[in-house]
Amino acid sequence: MPENPSKSGGSATSAIALLAVAGFAAQAMVRSTDSLLPQIATDLNVTVGATSVIVTFYLLAHGSVQLVIGPIGDRFGKYLCVALAATAATVMVALCGLASSLPLLVAARLGSGLATGWIIPLAFAFIGDIIPYERRQQVLGRFLSGQILGQLFGQAAGGVLGDLFGWRNVFFILAGLLAAATLGLF
């Protein structure tokens, strides 16, 4: 896959919009479980305190993977790495919704944190590579809108959607967003 999607028939605008959707879903995953912990604990027959480990493991994986992805993105292409990370994130987030026990949910959250941790930093770097300097701040601002909205959505909608549809469906909705972005990125 070319580093610049416009060389393969796509446009930089559509690539950035799809990256923003993936960034939205990745950032929504950061805070989506906060308000779902009581539901998850009840469903998995554990305490809320025990369930809170899913937040910690996700954040540790999400943050720590960012220490090593730069050289990998440079070597194999940032756009390709984001598309592959979105693919892995789609699977891992869906597995969160399918988890039948706390250890399985912890493992799926760890995997989803490792996968989503690639999306936003490499998308930023990709935008920096393809957008001319004089337009870069405006484009990065638009991209950041997707990320910021994702964070707000994750925290607020996690509880609302969890109450309306159940905690598992929150993960399936986010997996669907990631899947849509993934298909478009490829």
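The values are calculated or read from the model by the stated rules, or taken from the named source; none is laboratory data. From a predicted model like this one, the values you see are computed outputs, not experimental measurements. Here the Cβ positions follow ideal geometry from the backbone for every residue, glycine too, while neighbour counts run over all protein chains shown. Ligands, DNA and RNA are stripped out before the accessible areas are found, and what is left, the full protein with its side chains, is counted by its heavy atoms. Shrake-Rupley method; radii C 1.70, N 1.55, O 1.52, S 1.80 Å.
Here are the numbers:
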read-out	value
Index of the failed condition, F165 passing every other in (1) over 16 Å from the mean Cα position of the chain (by Cα); (2) surrounded by 13 or more Cβ atoms within 10 Å (Cβ to Cβ)	(2)
Exclusive hit being touching a Lys or Arg at 6+ places or on another chain (Cβ under 9 Å), without any contact (Cβ under 8 Å) to a residue 12 or more places away in the chain and either under 18 Å from A28 (Cα atoms) or of a type outside the set (F, W, Y) (or both), set L152, L67, L104	L152
Any hit, the range 72-81, residues being among the basic types (K, R), buried (at least 20 other Cβ atoms within 10 Å of the Cβ) and in contact with an Asp or Glu (Cβ under 9 Å, 6 or more places away or on another chain)	yes
Search result, residues across the range 82-94 that are crowded, with 24+ Cβ neighbours inside 10 Å and closer than 12 Å to G117 by Cα	V82, A85, A86, A89
Any pair with Cβ under 9 angstrom, 6 or more apart, that starts in the range 163-186 at a residue that is farther than 17 Å from A22 by Cβ and ends at one that is in a helix (DSSP H, G or I) and among the charged types (D, E, K, R)	G166/D43; W167/D43; R168/D43
L140 being among the hydrophobic types (A, V, I, L, M, F, W, C), open to solvent by 80 Å² or more (accessible area, probe 1.4 Å) and in a helix (DSSP H, G or I)	no
Filtered residues of the range 101-128 (kept if surrounded by 15 or more Cβ atoms within 10 Å (Cβ to Cβ) and either in contact with a strand residue (DSSP E or B) (Cβ under 8 Å, 6 or more places away or on another chain) or over 22 Å from V55 (Cα atoms) (or both))	L122, A123, F124, A125, F126, I127
Residue within the range 66-86 that is more than 15 Å from L18 (Cα to Cα), part of a helix (DSSP H, G or I) and in contact with a Ser or Thr (Cβ under 8 Å, 6 or more places away or on another chain) present	no
